[in-house]
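The structure appears below as structure tokens.
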Amino acid sequence: MKNNSVLIKNGFVNREIDSSLDLFTEIEKLKKEKNAVILAHYYQEPDIQDIADYIGDSLGLAQNAQKSNADIILFAGVHFMAETAKILNPLKKVIIPDLNAGCSLADSCPPEKFAAFKQKYPDYIVISYINCTAEIKAMSDIICTPSNAVQIVESVPKDKGIIFAPDKNLGAYIIKKTGRDMVLWDGACMVHEIFSLEKIIRLKEVNPAAKIIAHPECEEALLKHADFIGSTTALLKYTKTDNAKEYIVATETGIIHQMQKASPQKTFIPAPPNNSCACNDCPHMKLNTLEKLYLSLKYEQPEIFVEESIRLKAEKALNNMLDISAKHGL
Ligand code: 13P
Ligand code: SF4
């Protein structure tokens, strides 16, 4: 373990914070001192989104990580995202507020099982959604995100078979959009599978003018009812330009912070989960807090490392994605 075991406890820096400090000011100071950049995903808590230098979806974050000239990348997101930044920036220090910020979707695709699965389809091209570990990226030919999955799949010659991993819902949606037959890995995101279609339909009956907008990680039955389907960035853009006044938002609730900021006159209703928990908050994303972010930047821990032979293969698959995206102006 390369992390400083005294400093890190339970995945994050274990130090008291002086309660008189204004964390926003302190973080800004540390950023300048250390030439650090904060990249944050839309599912982070509002305070973290507000202090970030760049907020975006998984494609935007990978693109930003690739072109960053900071010395330190503080990645406010989950582990596979920070790992992606490290794969693209082996010489930079990449840190994350909480090392335990994982992902149920990435966890649903263990490398040994995926290797055995791949062997069943020896000539197939492997396209993996960026929500997977570095090991899975290293076993893939091209990475994709919800923003570019159609173009990535269409870049593969028609006579080639495709394995799509790890999200079966995004995979099924892309099959519908492209008409390409793909073999799907049976993985899913715990947040996007928790929505109650029944409650969403009832909510729509009470608010008939509200539009249902959904992320393609949701199940097909829900997507059938959606007025618009897209990545987090696409959903945000849609709410800015569309003329409805109300939206039922079927993705993680963090994105609503940006939607509300961009369109303060509109109403955004989080799609209800199938029980009374706050399960449409991603428990992994929400492990990061402003306090942990501050400590992480101050002590430059916990740091992300990727074994070099895995990194090189994963980098190739990521660069294939970034090249195809650039060709399409994405
Ligand atoms: P995007 O932000 O790329 O749409 O991905 C959503 C997600 O689930 C990230 O964990
Ligand atoms: Fe993973 Fe789902 Fe959380 Fe995204 S929202 S990090 S896919 S568990």
Every residue from the stretch 282-296 that is farther than 20 Å from residue 270 by Cβ and out of contact with any strand residue (DSSP E or B) (no Cβ under 8 Å at 6 or more places or on another chain): 289, 290, 291, 294
Criterion violated by residue 113 - all others in (1) buried (at least 17 other Cβ atoms within 10 Å of the Cβ); (2) outside any loop (DSSP other than H, G, I, E, B); (3) out of contact with any His (no Cβ under 8 Å at 6 or more places or on another chain) satisfied: (1)
Of all residues making up the stretch 242-261, the number that are surrounded by fewer than 22 Cβ atoms within 10 Å (Cβ to Cβ) and more than 16 Å from ligand 1 (Cβ to nearest atom): 7
Of all residues in the stretch 211-222 being crowded, with 21+ Cβ neighbours inside 10 Å and among the aliphatic types (A, V, I, L, M), the one that is farthest from ligand 1 (Cβ to nearest atom): 212
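Each row is one residue, and each column tells you yes or no for (1) at pLDDT below 95; (2) of a type outside the set (S, T, N, Q).
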position: 225; (1), (2): no, yes
position: 231; (1), (2): no, no
position: 242; (1), (2): no, yes
position: 254; (1), (2): no, yes
position: 259; (1), (2): no, yes
position: 266; (1), (2): no, yes
position: 278; (1), (2): yes, yes
position: 281; (1), (2): yes, yes
position: 302; (1), (2): no, yes
Residue within the stretch 190-212 that is touching a Phe, Trp or Tyr at 6+ places or on another chain (Cβ under 7 Å) and either within 16 Å of ligand 2 (Cβ to nearest atom) or at pLDDT 95 or above (or both) present: yes
Single match in 53, 22, 107 (criterion: within 23 Å of residue 256 (Cβ to Cβ), open to solvent by 20 Å² or more (accessible area, probe 1.4 Å) and modelled with pLDDT of 95 or more): 53
Restricting the stretch 285-330 to residues that are in a loop (DSSP other than H, G, I, E, B) and in contact with a Phe, Trp or Tyr (Cβ under 8 Å, 6 or more places away or on another chain), the residue that is surrounded by the most Cβ atoms within 10 Å (Cβ to Cβ): 302
Unmet criterion (only one of (1) modelled with pLDDT of 95 or more; (2) among the polar types (S, T, N, Q); (3) open to solvent by 40 Å² or more (accessible area, probe 1.4 Å); (4) assigned to a helix (DSSP H, G or I)) for residue 66: (1)
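The values are calculated or read from the model by the stated rules, or taken from the named source; none is laboratory data. Here the structure is a predicted model, which is why all the values come from computation and not from measurement. Neighbour counts run over all protein chains shown; Cβ positions are idealised from the backbone, glycine included. Heads up: the accessible areas ignore ligands, DNA and RNA and are worked out on the full protein's heavy atoms, side chains in. Shrake-Rupley method; radii C 1.70, N 1.55, O 1.52, S 1.80 Å.
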